[in-house]
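Let me begin by presenting the structure, written as structure tokens, before commenting on it.
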Amino acid sequence: MEKTLIQKKKLSFVQILWLTAGFALLVGAILAGVTPNERIISVSRTLGFLMFYAGLINIIVYLSDKNPLRGAHWIIADGLTTALLSLFLVFNNVVDHSLIPFFFGVWELFSGVLKVIESIELRDYHIKGWRWFVVIGNIELFSGISAMIEPVDNLIGIHSVIAAVLLIQALGFVFKIGAYRHLVKTTVD
């Protein structure tokens, strides 16, 4: 009996992948948060690589067919969107610093829309925890809109806007880790 309790507490391969992606985005949030506005462009490539890593993780999770997940097509959509948008930061050397929060806002909006749609599907499957996807999706929508509004950037600083977006994205991975056992399809389904 005790052995099965310990086994249930172990993280799955997918949860470990999501944990690494969340950690990478948290590192990006800290990096953006401590970088002054006028130097944010100097770390944009690093932020792009961290963003690409997070997208790649969702793609890998989708492609691993060992434990198919409910709502997996929304995970691949989020992964592809994230990876493709990250290429803008990774390969574009002439990015103006005022464009960066707009770019992160667009990413956040896409991600928020996908999570809200995913939550509706999870609700229809009667999956516990689907409301968390609604919550994080709506937070992403709000922060995405906020990131694209210049007065917000001016009020709290471009670096703070980017840090907030990355932190919210990291929290999204935490919610996925917590909901994972409910997302895995069983043979009874």
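The values are calculated or read from the model by the stated rules, or taken from the named source; none is laboratory data. Note that the structure is predicted; figures quoted are calculated from it, not measured. Cβ placement follows ideal geometry from the backbone for every residue including glycine, while neighbour counts extend to all protein chains displayed. In case anyone asks, the SASA skips ligands and DNA or RNA and just uses the protein heavy atoms, side chains included. Shrake-Rupley method; radii C 1.70, N 1.55, O 1.52, S 1.80 Å.
Net charge near V165, counting Lys/Arg +1 and Asp/Glu -1 over other residues with Cβ under 10 Å of its Cβ? The answer is -2.
Solvent exposure of segment 49-127, expressed per residue, is 47 Å² of accessible area, with all protein chains present and a 1.4 angstrom probe.
Residue-wise HN-Hα couplings along segment 46-52, as the Karplus relation 6.51 cos²θ - 1.76 cosθ + 1.60 with θ = phi - 60° gives them from phi, are 4, 4, x, 5, 5, 5, 4 Hz; Gly and Pro carry x.
What does the charge count near F102 come to, summing +1 for each Lys or Arg and -1 for each Asp or Glu among other residues with Cβ under 11 Å from its Cβ? Within the 11 Å Cβ shell, the charges total -4. Among residues other than I40 with Cβ under 13 Å from its Cβ, the summed charge is -1 (Lys and Arg +1, Asp and Glu -1).
Computed about its Cα centre, the charge dipole of segment 1-156 is approximately 820 debye, with only Lys, Arg, Asp and Glu carrying charge at their Cβ.
Considering only E140, E121, E108, the mean-square fluctuation computed in a Gaussian network model of the chain, springs between alpha carbons under 10 angstrom, is largest for E121.
For the chain, the longest principal axis of the C-alpha atoms and the axis of helix 130-147 are separated by about 10°. Mean sequence separation of contacting Cα pairs (under 8 Å, at least six apart), scaled by the length of segment 100-189, corresponds to a relative contact order of 36 percent. Gyration tensor over the Cα atoms of segment 38-189: the corresponding equivalent ellipsoid has semi-axes (square roots of 5 times the eigenvalues, largest first) of 30, 17, 10 Å. Comparing L84, L31, L155 in a Gaussian network model of the chain (Cα springs below 10 Å), the most mobile by mean-square fluctuation is L155. For the chain, averaging the sequence separation of C-alpha pairs within contact (under 8 Å, six or more residues apart) and dividing by the residue count gives a relative contact order of 31 percent. The accessible surface of segment 96-171, taken with every protein chain in place and a 1.4 Å probe, is 72 percent carbon and sulfur. Relative to the longest principal axis of the Cα atoms of the chain, helix 99-124 runs at roughly 20 degrees.
Rounded to the nearest 10 degrees, the angle from helix 13-34 to the longest Cα principal axis of the chain is 20 degrees.
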